[in-house]
1. Would you check if Ser220 is exposed (fewer than 14 other Cβ atoms within 10 Å of the Cβ) and farther than 30 Å from Leu315 by Cβ?
2. Taking region 56-65 as the region of interest, how many residues are surrounded by fewer than 18 Cβ atoms within 10 Å (Cβ to Cβ) and at pLDDT 80 or above?
3. Can you confirm whether region 28-50 contains a residue that is among the charged types (D, E, K, R) and under 27 Å from Glu206 (Cβ atoms)?
4. Mind listing whichever residues of region 59-103 are more than 25 Å from Leu175 (Cα to Cα) and hydrophobic (A, V, I, L, M, F, W, C)?
5. Given the conditions (1) modelled with pLDDT under 75; (2) under 30 Å from Thr81 (Cα atoms), report the number of the one that Leu158 does not fulfil.
6. Within region 61-101, can you find the residues that are of a type in the set (S, T, N, Q) and touching a Lys or Arg at 6+ places or on another chain (Cβ under 9 Å)?
7. Those residues that are of a type outside the set (A, V, I, L, M, F, W, C) and either surrounded by 19 or more Cβ atoms within 10 Å (Cβ to Cβ) or without any contact (Cβ under 8 Å) to a residue 12 or more places away in the chain (or both), I need them from region 188-213; list them, please.
8. Being polar (S, T, N, Q) and in contact with a Gly (Cβ under 9 Å, 6 or more places away or on another chain): is that true of Thr81 here?
Amino acid sequence: LFFGLSALTVLWSFAEPIGFLWIGDARTVRSLKLVAFSMPFMSLSSVMSGYFTACGRVWKPTVVHLGEQLITIGFVAFFLTHSPAGDIEKNCAAVMLGNVCGDAISFVCMLLFYLTDRHSVRDYSAQKLKLTSRMLKVALPLAVSAYARSALSTLEHLLVPRGLKAAGFSADRALSGYGVIQGMVLPILSFPACILMALAELIIPELTEAQVRGNEGDISKTVSSLIKKGLGYSSAVALVLFIFADKLGVRIYSSPEAGDYLRLLAPLIPIMYTDMVADGCLKGLGQQLWCMGINLLDALLGVLLVWQVLPVFALKGYICIIYFNECLNFALSIKRLGKVTKIRLFS
């Protein structure tokens, strides 16, 4: 709650300097102030999601995340249909408001699950001090890495509108194109991944237990099976979204442009989804710091590429950057997974 409220306060207080000076467009201030209200909800939901993962009841946050994706898409579509056509400031605010509503409802659902579940957990207060010190030894390095990655990711998002305007886009067109990709297309791409995200979270304690027992054969078999299932499922999702991209863009957002970008990014789904599974496997095998290193490299390269490529190639360059970063992240994760355990994908 402390970190969530702190993030809300900082983002709300500095929304105008960020909008005017960093992004260079005053119309983003309203959206920044709206998205600030998501911070406490996201922070508290993450804590409760970690609780359910530790207790082995991953299905509860999975159901909530699945519902959150549907609710967010529904709210965004609703607010966009009631937003003035051609008013970029209000359209962007509508997308942000939809996300805030989704985060708020997700938090309420997660809280209800937690309140009905907490009585089933034993009291470990006698071991609290020892547990806290052990937890901090793991959490602090990960937190520092996560903050660094978040800062780089934020910088990347701030540089995108500037890069598009440097490429000759008007302020309206720059915000519109970026908003379509981030606010419309990526939520649709991410929605079917909820199932794989649940598998990735569920497998973490199982792989850790197998590693402690020294069952390398079970680890290799489990990881190989998950990677194969991830590839199969994601390939099917990619095919469906590629075929029905136009209809989805029009039916959900009344935007043919969203359908075009959805079709462009659909072939990336197998890499995106399988990388989620690989990331979960690595975390289950004690490779959290390695995962954070990969994510930091991904974020750093994203900033550099956006800075250099967007002013020349505009939105086409941004699509290429997304492809490059996802492919690099996937390749590094699979390579590391191959070193930690023997993967047999095609046997």
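The values are calculated or read from the model by the stated rules, or taken from the named source; none is laboratory data. Keep in mind that this is a model prediction, so the values were computed, not measured. Glycine gets a Cβ as well: all are built from the backbone with ideal geometry, and neighbour counts include every protein chain shown.
1. Values: exposed (fewer than 14 other Cβ atoms within 10 Å of the Cβ): no; farther than 30 Å from Leu315 by Cβ: yes.
So Ser220 does not fit the description; no.
2. The initial filter retains those residues of region 56-65 that are surrounded by fewer than 18 Cβ atoms within 10 Å (Cβ to Cβ), namely 56-57, 59, 63.
Narrowing the set further to residues that are at pLDDT 80 or above leaves 63.
Within region 56-65, residues that are surrounded by fewer than 18 Cβ atoms within 10 Å (Cβ to Cβ) and at pLDDT 80 or above number 1.
3. So in region 28-50, the residues among the charged types (D, E, K, R) come out as 30, 33.
Still in the running and under 27 Å from Glu206 (Cβ atoms): none.
There is no residue in region 28-50 that is among the charged types (D, E, K, R) and under 27 Å from Glu206 (Cβ atoms).
4. Selection gives Trp59, Val63, Val64, Leu66.
5. For Leu158, the exception is condition (1).
6. Ser83
7. Those that are of a type outside the set (A, V, I, L, M, F, W, C) and either surrounded by 19 or more Cβ atoms within 10 Å (Cβ to Cβ) or without any contact (Cβ under 8 Å) to a residue 12 or more places away in the chain (or both): Pro192, Glu201, Glu209, Arg213.
8. Working: polar (S, T, N, Q): yes; in contact with a Gly (Cβ under 9 Å, 6 or more places away or on another chain): no.
In short, no.
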